[in-house]
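Input: a single structure, listed below in structure tokens.
Read the figures in this text as sums done on the coordinates, not as results from a lab. Please read all numbers here as calculations on a predicted model, not as lab measurements. All Cβ positions, even for glycine, are placed from backbone atoms using ideal geometry, and neighbour counts span all protein chains on display.
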Amino acid sequence: MKSRIDNGTLGHKGGTQQPIEPVPKHPFIHSRDGCYYFRQRIPLDLVRAGCYGNAKDIKESLRTRDLAKATGLAKSVALRVDEDFKAKRRELGRAKNETKFNSVPALRRLSDLSETEKQDFIMRAFITNERNAGKRWDDNPDARREMLEIVRGDLGDLDGDLDDRERCDWFLILKETLNAEGISPDGVDDAVIRELAGKLQRAAIETAARTERALNGYQYQTIDPLFKDLIAESPLPAIAAPSKTIRDLCEHYMAHKINRVDGGHIAKSSLPKFKMHCQIMTDFLGAGKTLESITGADATRLVEFLATIPQNATKRY
């Protein structure tokens, strides 16, 4: 986020402002005009799922000016809110079991992306975070204090163990982010998924940390070197057009043959032979190999290999 703190504009570059009043230390309590309120951040997976509309936190008046009483009330409200979060997650789980997750047809598989394309995917996610964080806030100290509490809550939720899915499910967020770009997460091992989920987490933490510094009137600064020189105004890395692969070719080939069978043009008993053709191509060249990358030498080696396959291989194997 690249802007200034000037005339009520919140940004990540320079500027000065009036000191922010101390924030109450209790994690779920803040005060306004002497009255205490409960506020708790909604977990990111529930925010992204729209379980609470556009809200990002739960707010409720504790209807007291006594801090000790407010503390006891806040504990009760926190238990109720936590149970509600769990119920929402159960509802989301049931919904996912009833409907197909990928509402957008996948144009590419994650396993087919190059390392550069994976890096560009993370950079797009970070720059989008920065642009979404670029909002105006009035110069009222109470409003800035409230925003600072929210950002600190974000940092508390974001900066946790990657496997702490109750706090923030980064693997679900990764799947949703990939889905939005038309990328299927299929075909990669767990190490790749963990690496990308971890980088998405770092992107969100970087944006929240920059926002906190801006709210405190500090100069813009990159905290995580992974996002050095990237700001809200940085151009989004282009999404490369998907290349056709051996897998795509075989799927198209089999779909055509099945249509021919359905139309009565060829016998259904021929399908195993066509599947064998696809299996040979996939095993020999690799399912993810792009058609553009196939060389004359590849074709020669494939022809030589086909000559070694025994007759009636479909029936025998």
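What is the packing order of peptides 287-298, 115-126, 170-181, taking the mean over residues of other C-beta atoms within 10 Å and listing the highest first?
170-181, 115-126, 287-298
Considering the options G198, Y218, A208, tell which one lies farthest towards the positive end of the dipole of the range 186-225, charges being +1 on Lys and Arg and -1 on Asp and Glu at the Cβ, about the Cα centre.
The residue sitting most towards the positive pole is Y218.
Please sort 208-218, 255-265 by packing, taking for each peptide the average over its residues of neighbouring beta carbons within 10 angstrom, highest first.
Going from most to least packed, we get 208-218, 255-265.
Would you mind calculating the gained length between K69 and R90 on full extension (0.36 nm times residue separation, minus the Cα-Cα distance), in nm to one decimal?
My answer for the length gained is 4.3 nm.
D298 label point, 7 Å along Cα→Cβ, cut-off 15 Å on backbone N: hits in the range 269-285?
Answer for this model: 280-285.
Express in nm, to one decimal, how much length is gained between L226 and E83 on full extension, taking 0.36 nm for each residue of separation and deducting their alpha carbon distance. It would help to have the intermediate numbers written out before the result.
Working: separation 143, 0.36 × 143 = 51.48 nm, distance 3.67 nm.
Here the answer is 47.8 nm.
In debye, nearest 20: dipole of the range 113-224 around its Cα centre with unit charges on the Cβ of K, R (+) and D, E (-)?
Approximately 480 debye in magnitude.
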